[in-house]
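Presented below is the structure to which this report refers.
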Amino acid sequence: VLEMQAVAMACFHNQLLHSAASQKALSYLKDKRKLSAATIEEWQLGYALDSWDALSQYLKGKNFTHQEILQSGLVVPKERSQDYYDRFRDRVMFPIEDYHGNIVGFTGRTLKEDEGAKYINTPQTAVYNKSEVIFGLYKAKAAIKDEDQVVIVEGNMDVIASSGAKIKNVVAVSGTALTVEQIRILKRLTNDFIFAFDADQAGIRA
């Protein structure tokens, strides 16, 4: 499953940089979010094509089995058959690393204004446990140790933008729900937590 996540990341990243269909995604990252090409490369940001089976067909071409693809979290099983369709479609893709730098899942941000869910994440899999994963931690570990402080934000993009501004001790949790396990992991590095959640109702409640 880990190997497949890495293959999917490379596929998404290549599509962002080289697919004719990715111009809206590139414009979102470069023009709206003001990310440099170097930052996009560092975080291996990607683009999922607006297709029901582009990724799954690509993975089959890489000799992953039907069952392996089904268990990856990258596809959604169909209700009345053994088949599946791609989970992420027409979305900017953010790879999620575990504590050791392995790609374990993705967050996908929609590019469609009328899409119900702005962000969707990989579901629970053999390698992705939402309650333990902290976005950006692998890249931020050294800075957190050096500064003896961690800044916790809500969104993946907040982490990436901070990193681009040379603020490296920033990580994100999914929304505002910081779990006991995530706190335990962060406490290995520092006891000084700064929370910088959004100034909306969810952030205020947190």
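Where a number appears in this text, it was derived from the coordinates with a stated rule and is not lab data. What you see is a predicted model, and the numbers here were worked out from it, not measured in a lab. Every residue, glycine among them, receives a Cβ derived from its backbone with ideal geometry; neighbour counts consider all protein chains shown.
Since only Gln67, His18, Phe193 are under comparison, the one whose Cα sits farthest along the positive direction of the charge dipole of the chain, derived from C-beta charges on Lys, Arg, Asp and Glu, is His18. Across the range 30-35, rounded Karplus estimates of 3J(HN,Hα) from the backbone phi angles (6.51 cos²θ - 1.76 cosθ + 1.60, θ = phi - 60°) give 7, 8, 7, 8, 6, 8 Hz, Gly and Pro being marked x. Placing unit charges on the Cβ atoms only, positive for Lys and Arg and negative for Asp and Glu, gives the chain a dipole magnitude near 120 debye about its Cα centre.
Computed 3J(HN,Hα) for the range 162-171, one whole-Hz value per residue from the Karplus formula 6.51 cos²θ - 1.76 cosθ + 1.60 where θ = phi - 60°, is 5, 4, x, 8, 6, 9, 9, 9, 10, 9, glycine and proline marked x.
Amide H contacts for Arg87 (H built 1.01 Å from N in the peptide plane; partners 5 or more residues away or on another chain; cut-off under 5 Å): Val75, Val76. Its DSSP H runs of at least 4 residues, each contributing -39,500 (n - 2.57), put the calculated 222 nm mean residue ellipticity of the chain at -10000 deg cm²/dmol, to the nearest 500.
For Cα pairs less than 8 Å apart in space and 6+ apart in sequence, what is the mean separation divided by the residue count of the range 137-205, i.e. the relative contact order in percent? Could you put the intermediate results ahead of the total?
Working: 89 pairs, mean separation 28.5, N = 69.
Answer for the range 137-205 is 41 percent.
Over every Cα atom in the chain, the radius of gyration and the widest Cα-Cα span, Dmax, amount to 17.1, 53 Å.
Take every Cα pair under 8 Å whose residues are at least 6 apart in sequence, average their separation, divide by the length of the chain, and the relative contact order is 17 percent. With respect to the chain, whose longest principal axis is taken over its alpha-carbon atoms, helix 137-147 is tilted by about 10°.
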